[in-house]
Amino acid sequence: LAAAAFAQNSPAHGSSPSVTVAPIGTVVVPRGGKAPLNIDLQVNRGFHVNSNKPNDELLLPTVVHINPPQGIMIVNIQYPEGEQLALAFMGKDKLSVYSGDFAVTADVRIPRSAALGTLRVHGEVKYQACDNRQCFPPKTTPLEFDVRVVRPKAKK
């Protein structure tokens with residue numbers, strides 16, 4: 001176990017370019033309501049990924065795709081602003097990237113007609129990781145979480 005923990009924190013030459021999705025807790029939403037969704041992501045140390053709005057249209061953006069089951073809507077997906085990264089070989093140009101920990105947020109909306117209960121939501125994070133010398137082939141990391149539809153609280 002210690003070796004696995006060390007490998008996760010080792011510099012780029014010992015780790016693979018990847019993005020990890022932190023476990024997402026159950027999102028509890030009343031029928032006819034909405035609730036926040038936070039997707040916490042971590043880029044392995046020594047790497048970065050293009051932001052959702054890279055500075056060059058030829059670069060692949062980091063995108064969260066969510067495929068909710070019928071009756072669940074994921075709206076208002078918000079990405080953080082990328083950090084501007086200057087690399088020696090790029091001259092004055094900079095990259096808009098995410099590194100370390102970052103979060104993508106959204107709202108989960110449930111119609112009034114939704115059935116009560118828990119539904120599993122699946123999705124993925126698409127990204128292209130790079131280090132300071134090269135970029136690696138695009139990858140996807142799966143994500144999943146539960147949405148529990150509950151009765152709205154009675155109005156007083």
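Points worth noting:
- Within the range 129-146, residues that are closer than 16 Å to T26 by Cα sit with their Cβ atoms under 9 Å from residues that are among the hydrophobic types (A, V, I, L, M, F, W, C) and open to solvent by 20 Å² or more (accessible area, probe 1.4 Å), at 6+ positions apart or across chains, in these pairs: L143/V21; L143/I24; L143/I66; E144/V21; E144/I24; F145/I24; D146/I24; D146/L119.
- Flag if N55 is touching a Leu at 6+ places or on another chain (Cβ under 9 Å), more than 14 Å from A103 (Cα to Cα) and open to solvent by 80 Å² or more (accessible area, probe 1.4 Å): yes
- Listing of strands (runs of 3 or more DSSP E) fully contained in the range 1-95 that carry 1 or more residues being at pLDDT below 85 and more than 17 Å from the chain's Cα centre (by Cα): 83-86
- Candidates V63, V19, V104 - the one that is touching a Lys or Arg at 6+ places or on another chain (Cβ under 6 Å), in contact (Cβ under 8 Å) with a residue 60 or more places away in the chain and closer than 23 Å to K139 by Cβ: V63
The values are calculated or read from the model by the stated rules, or taken from the named source; none is laboratory data. None of the values given here were measured: they were computed from a predicted structure. We place every Cβ from the backbone using ideal geometry, glycine too, and count neighbours over all the protein chains shown. Only protein heavy atoms, including side chains, enter the accessible area calculation; ligands, DNA and RNA are left aside. Shrake-Rupley method; radii C 1.70, N 1.55, O 1.52, S 1.80 Å.
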